[in-house]
Amino acid sequence: MKKLYKIIIGALLMTIVTCITLSITYSRQVDKMLVDAKVSLFNNQKVPKYHFFIILHNSDEPYVKDLEKGLIDTATSFNIAIETNYSSGVDDYNDTIKYINMAIDSKVDGIITHAYNTTEFQKLVYKAQESKIPVITLDADLSTSKGAAYVGTNGFEIGSKAGQLVAEALNGKAKIAIILESSGVSGKVNLKLDGLNNSIKGYKDIKVETVEISDNGILGANNVTQEILNNHPDVDAIVCTSSKDAIGAAQLVVDFNRVGDITIIGYDSTPEILSYIQKGVIYGTIVPGAYKIGCDSIKTLVGLKENKGVAAYKHTDSIVITKSNLSQYLRK
């Protein structure tokens with residue numbers, strides 16, 4: 001019996017030793033495979049040429065999506081690492097200030113950001129320049145600021161196109177209400193107003209009755225539009241400077257059964273806006289070339305880094321969409 005017991009114990013010990021040996025061997029093989037994979041992955045990755053810091057509005061609007069796609073596609077082709085941060089939508093200005101300070105402290109190679117025409121913001125641009133970090137602004141032309149360049153649509157041109165659409169829709173006779181988004185504290189808003197006023201100055205029967213500010217969002221535009229219709233009954237055209245304002249204004253005009261009485265000029269090309277154009281609720285919209293803005297922002301920042309003498313501002317084209325060319329636009 002003792003002999004059998006010893007045989008069983010011996011067999012068990014041999015089994016345990018064999019299992020441990022096999023386990024160690026397998027573990028080493030797996031480790032080697034993982035190391036080989038990591039080495040292969042590392043060898044296939046290029047070290048990024050630059051690290052750019054991007055600050056965008058947290059929005060699902062086509063403008064932001066197309067802009068970001070342009071940034072990513074061009075950064076990839078230039079072997080540039082980009083770090084994108086989004087303002088909250090609640091306090092965009094202070095979020096932007098916070099992120100720019102983070103970017104400067106992190107010693108990034110360049111910054112692309114929506115901008116504000118304030119002393120505090122411009123001081124941060126100077127601070128970045130002192131750290132040899134060039135800045136591209138998207139919403140406000142601060143190209144006269146040291147170390148900043150502007151890439152985006154021409155605000156004057158946008159306003160001019162809006163005024164031309166009003167004149168076209170109402171045969172040169174209109175009373176206009178303009179809705180500005182509340183985040184539009186930049187100088188670009190003034191350029192849009194200047195452009196619109198310039199485009200209608202040849203029409204003696206077109207007047208701007210009121211300029212209103214809406215809170216961010218569709219509901220804010222609803223409320224402002226209702227106030228316009230109540231307080232300015234002669235208004236027969238509403239010009240909007242954001243997609244949400246255009247959608248909010250259109251919703252209220254439909255709800256108040258004023259389609260046909262009020263001509264709406266929108267901004268951007270959300271599915272809702274395009275649908276309202278098809279239904280005749282919105283007469284037309286102005287669409288910025290957001291994808292190209294993203295592409296040109298990266299290219300301009302690279303030019304600034306490499307001292308290639310790029311222009312301090314680069315304007316991209318915008319297009320006008322009405323019911324007459326809507327089908328053509330949707331086919332693209």
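The values are calculated or read from the model by the stated rules, or taken from the named source; none is laboratory data. Quantities reported herein were computed from a predicted structural model and do not represent experimental measurements. Glycine gets a Cβ as well: all are built from the backbone with ideal geometry, and neighbour counts include every protein chain shown. Side chains included, ligands, DNA and RNA excluded: accessible areas come from the protein's heavy atoms. Shrake-Rupley method; radii C 1.70, N 1.55, O 1.52, S 1.80 Å.
Scanning the range 105-123 for residues being more than 15 Å from Tyr150 (Cβ to Cβ) and either of a type in the set (D, E, K, R) or under 21 Å from the mean Cα position of the chain (by Cα) (or both) gives a total of 7.
Evaluate the following for Val253: is it of a type outside the set (Ser, Thr, Tyr), modelled with pLDDT of 95 or more and within 27 Å of Phe52 (Cβ to Cβ)?
On the way: of a type outside the set (Ser, Thr, Tyr): yes; modelled with pLDDT of 95 or more: yes; within 27 Å of Phe52 (Cβ to Cβ): no.
Criteria not met by Val253.
Scanning the range 262-273 for residues that are of a type in the set (A, V, I, L, M), within 13 Å of Ser242 (Cα to Cα) and not in a helix (DSSP H, G or I) returns Ile264, Ile265. Screening Thr118 on (1) polar (S, T, N, Q); (2) surrounded by 17 or more Cβ atoms within 10 Å (Cβ to Cβ); (3) in contact (Cβ under 8 Å) with a residue 40 or more places away in the chain shows it passes everything except condition (2). Of all residues in the range 121-130, exactly one satisfies the criterion of being farther than 19 Å from Asp95 by Cα and exposed (fewer than 14 other Cβ atoms within 10 Å of the Cβ), namely Glu130.
Taken over the range 194-218, the criterion of being assigned to a helix (DSSP H, G or I), in contact (Cβ under 8 Å) with a residue 40 or more places away in the chain and crowded, with 20+ Cβ neighbours inside 10 Å is satisfied by Gly195, Leu196, Ser199. Within the range 47-59, residues that are more than 7 Å from Tyr86 (Cα to Cα) reach partners that are part of a strand (DSSP E or B) and small (Gly, Ala, Ser) with beta carbons closer than 6 Å, at six or more positions or on different chains, in the pairs Pro48/Ala81; His51/Ala81; Phe52/Gly110.
Filtered by the rule that a residue be over 22 Å from Asp296 (Cα atoms), in contact (Cβ under 8 Å) with a residue 40 or more places away in the chain and among the polar types (S, T, N, Q), the range 66-115 gives a lone residue, Ser106.
Of the residues making up the range 52-70, those that are at pLDDT 90 or above, of a type outside the set (A, V, I, L, M) and crowded, with 18+ Cβ neighbours inside 10 Å are Phe52, Phe53, Asp66, Glu68, Gly70.
Selection of the range 248-266 for residues being in contact with an Asp or Glu (Cβ under 7 Å, 6 or more places away or on another chain) and open to solvent by 70 Å² or more (accessible area, probe 1.4 Å) yields only Asp261. When we screen Tyr313, Tyr291 for residues that are over 17 Å from the mean Cα position of the chain (by Cα), more than 30 Å from Ile176 (Cα to Cα) and surrounded by fewer than 21 Cβ atoms within 10 Å (Cβ to Cβ), the only hit is Tyr313.
Within the range 284-297, is there a residue that is aromatic (Phe, Trp, Tyr) and either touching a Phe, Trp or Tyr at 6+ places or on another chain (Cβ under 9 Å) or in a helix (DSSP H, G or I) (or both)? Before the answer, list the steps.
Going residue by residue through the range 284-297, those that are aromatic (Phe, Trp, Tyr) are 291.
In the following step, the residues that additionally are either touching a Phe, Trp or Tyr at 6+ places or on another chain (Cβ under 9 Å) or in a helix (DSSP H, G or I) (or both) were identified as 291.
Checked the range 284-297: at least one residue is aromatic (Phe, Trp, Tyr) and either touching a Phe, Trp or Tyr at 6+ places or on another chain (Cβ under 9 Å) or in a helix (DSSP H, G or I) (or both).
Looking only at strands (runs of 3 or more DSSP E) that lie completely in the range 72-152, which have at least 3 residues being in contact with a helix residue (DSSP H, G or I) (Cβ under 6 Å, 6 or more places away or on another chain)? Give the derivation first.
Values: elements: 81-87, 110-113, 135-137.
It comes to 81-87, 110-113.
In a residue-by-residue description of the range 74-86, the property of being under 23 Å from Asn190 (Cβ atoms), surrounded by 14 or more Cβ atoms within 10 Å (Cβ to Cβ), under 15 Å from the mean Cα position of the chain (by Cα) and of a type outside the set (Asp, Glu) applies to no position.
Residues are listed down the side, and each one gets a yes or a no for (1) in contact with a helix residue (DSSP H, G or I) (Cβ under 8 Å, 6 or more places away or on another chain); (2) within 22 Å of Ala174 (Cα to Cα); (3) not in a loop (DSSP other than H, G, I, E, B):
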site	(1), (2), (3)
Gly220	yes, no, yes
Thr225	yes, yes, yes
Leu229	yes, yes, yes
Ser275	no, no, yes
Ile282	yes, yes, no
Asn307	no, no, no
